[in-house]
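**Student:** Take a look at the following structure, please.
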Amino acid sequence: MTAIQFFKFRELILFCGIFLFACSSDEPEAVPAPGPGTPAGTSTVEELDDLSDHFEFLSAKEISGEIPAAPAGNSNLKISFKDTLYMMASARIPIKFLHDAGTNVAGVYIQVHNTAGNPLYATYHYDVPELAESAESDTVSVIFVAFDPTGLELPLSVPVTISPYGKNGQPLDEIEEIFTVEESNESSNTSGRSEADPCPFTSASEFDSWNWKYSVIEVDGSIEFYIAQGEMATYGQTVNGCCNEAAGVSTGCAVGQVPNANLFFPTYYRIELELLAFLENGTFRRTTVEASANPLTDESNFCGDVGKVKASIHEIDYRGFWTLDPNTENLQLQTTESTAEGGLGG
């Protein structure tokens, strides 16, 4: 049997860092009405500035005035949520921007405003650079956002303007969105969360689940490690081999032959899905979907430029028991059976 120890159940450690989860449901996601404290048409600039002060970003700068104008209708840019970003109080949430390889998103401007027909804006906006780890990607840029609700009543919905910009700081597009901040769930007991909890830990009538979204390790305010669902955890490796220059081809080294060449293989590993379902009888079910590509050294030409790889996708199912310590708020999963043949959680 395999025992896996986790920190607080809202920060489950499953892979190289702190996993953040979100409750899932088969119900269609409805856009809620503005909550208490939502900026209204009568909001003042001072109130908007106060709301803006509660936002937290990594390495962001405050710039006086409104966001520079952006060209209209840039259909090449897409954001990772539709209309409303749901946030838990003080929890850091990633926002992804998908773009084509020819469009570099170096950062994002964000400004708070109200919802009136002729909206008022905060007196300043944020300049948020993209996460350094995502800068290596040609098609995805990432920022993190958090909200400190101290002194405010939740839930709270805040209209914002989001404007991704290029290397020269010129906006590429302008998007109007809503950030809705909700209370975080801190309650726990030995059989799960209370029935009044809007996101129950367990349920007698259905399976409530925790879905992995991303992993992050933060040290002194700096992101040291980041990986998200569907993104590469590793990519590429170089393998030493032999090239028979006279023949111009080689698939390996003969016995005793010293390697005289190396070849790049576009190998990779990524997690497509990580899902945990907890049942009230103390059992859990877990499903992991992993995608990978491994080198085919025997079929590759070490006199060439790129080696061959074999791509595959594996779905691994786990079963076991869960226990929750109400004193330490630690969750322990004891795996009793799985379909794993190695790899993550095997």
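**Student:** Look at L331 and say whether it is out of contact with any Ser or Thr (no Cβ under 7 Å at 6 or more places or on another chain) and closer than 30 Å to Q257 by Cα. Break it down stepwise before answering.
**Tutor:** Numbers: out of contact with any Ser or Thr (no Cβ under 7 Å at 6 or more places or on another chain): yes; closer than 30 Å to Q257 by Cα: no.
Here the answer is no, as L331 does not meet what is asked.
**Student:** Here's a follow-up. Right, T287: in contact with a strand residue (DSSP E or B) (Cβ under 7 Å, 6 or more places away or on another chain) and closer than 17 Å to T335 by Cα or not?
**Tutor:** Details: in contact with a strand residue (DSSP E or B) (Cβ under 7 Å, 6 or more places away or on another chain): yes; closer than 17 Å to T335 by Cα: yes.
When the stated conditions are applied, T287 passes them.
**Student:** Turning to a different aspect of this structure: If you check F302 against the conditions, is it buried (at least 18 other Cβ atoms within 10 Å of the Cβ), assigned to a loop (DSSP other than H, G, I, E, B), at pLDDT 85 or above and of a type in the set (A, V, I, L, M, F, W, C)? Spell out the reasoning first.
**Tutor:** Values: buried (at least 18 other Cβ atoms within 10 Å of the Cβ): yes; assigned to a loop (DSSP other than H, G, I, E, B): yes; at pLDDT 85 or above: yes; of a type in the set (A, V, I, L, M, F, W, C): yes.
Considered against the rule, which asks whether it is buried (at least 18 other Cβ atoms within 10 Å of the Cβ), assigned to a loop (DSSP other than H, G, I, E, B), at pLDDT 85 or above and of a type in the set (A, V, I, L, M, F, W, C), F302 comes out as yes.
**Student:** Which condition does R319 not pass, out of (1) at pLDDT 85 or above; (2) more than 28 Å from the chain's Cα centre (by Cα); (3) not polar (S, T, N, Q), if it passes all the others?
**Tutor:** (2)
**Student:** Here is a follow-up. Going residue by residue through the stretch 312-321, is there one that turns out to be of a type in the set (S, T, N, Q) and within 30 Å of A246 (Cβ to Cβ)?
**Tutor:** Within the stretch 312-321, none of the residues are of a type in the set (S, T, N, Q) and within 30 Å of A246 (Cβ to Cβ).
**Student:** V258 - would you say it is of a type outside the set (D, E) and at pLDDT 85 or above? Break it down into steps so the answer makes sense when it comes.
**Tutor:** Details: of a type outside the set (D, E): yes; at pLDDT 85 or above: yes.
For V258, the condition - of a type outside the set (D, E) and at pLDDT 85 or above - is met.
**Student:** Closer than 18 Å to Q237 by Cα and surrounded by 15 or more Cβ atoms within 10 Å (Cβ to Cβ), is that true of Y318? It would help to see each step written out before you state the result.
**Tutor:** Numbers: closer than 18 Å to Q237 by Cα: no; surrounded by 15 or more Cβ atoms within 10 Å (Cβ to Cβ): yes.
No, not satisfied.
**Student:** A further question on this structure: Just the residues that are of a type outside the set (K, R) and not in a strand (DSSP E or B), please, taken from the stretch 305-326.
**Tutor:** Matches in the stretch 305-326: D305, G307, P326.
**Student:** Hey, does the stretch 170-182 have a residue that's free of Cβ contacts under 8 Å to residues at least 60 places away in the same chain, more than 20 Å from the chain's Cα centre (by Cα) and crowded, with 19+ Cβ neighbours inside 10 Å? Working first, answer last.
**Tutor:** At the first step, the residues of the stretch 170-182 found to be free of Cβ contacts under 8 Å to residues at least 60 places away in the same chain are 176.
When the remaining residues are screened for being more than 20 Å from the chain's Cα centre (by Cα), the result is 176.
Now narrow it down to the ones that are crowded, with 19+ Cβ neighbours inside 10 Å: none.
Within the stretch 170-182, none of the residues are free of Cβ contacts under 8 Å to residues at least 60 places away in the same chain, more than 20 Å from the chain's Cα centre (by Cα) and crowded, with 19+ Cβ neighbours inside 10 Å.
**Student:** In the stretch 278-294, what residues are in contact (Cβ under 8 Å) with a residue 60 or more places away in the chain and either buried (at least 18 other Cβ atoms within 10 Å of the Cβ) or not assigned by TED's automatic domain parsing to the domain that holds L331 (or both)?
**Tutor:** Matches in the stretch 278-294: F278 only.
**Student:** Which residues, taken from the stretch 96-107, are among the aliphatic types (A, V, I, L, M) and either over 17 Å from the mean Cα position of the chain (by Cα) or over 16 Å from D138 (Cα atoms) (or both)?
**Tutor:** Initial filter on the stretch 96-107 (among the aliphatic types (A, V, I, L, M)): 98, 101, 105-106.
Of everything in the stretch 96-107, those that are among the aliphatic types (A, V, I, L, M) and either over 17 Å from the mean Cα position of the chain (by Cα) or over 16 Å from D138 (Cα atoms) (or both) turn out to be A101, V105, A106.
**Student:** Can you tell me how many residues in the stretch 271-299 are under 16 Å from C253 (Cβ atoms) and assigned to a strand (DSSP E or B)? So that I can check it myself, show each step before the final result.
**Tutor:** Residues of the stretch 271-299 under 16 Å from C253 (Cβ atoms): 295-299.
In the following step, the residues that additionally are assigned to a strand (DSSP E or B) were identified as 295.
Qualifying residue count for the region: 1.
**Student:** Considering only the stretch 42-130, give the strands (runs of 3 or more DSSP E) lying wholly within it that have at least 1 residues that are of a type in the set (S, T, N, Q) and at pLDDT 80 or above.
**Tutor:** Values: elements: 55-57, 61-64, 84-88, 93-98, 107-112, 124-129.
So the answer is 61-64, 84-88, 107-112.
The values are calculated or read from the model by the stated rules, or taken from the named source; none is laboratory data. Owing to the predicted nature of the structure, the values given are computational and were not obtained by experimental measurement. Cβ coordinates were reconstructed from backbone atoms using ideal geometry, including for glycine residues, and neighbour counts include every protein chain displayed.
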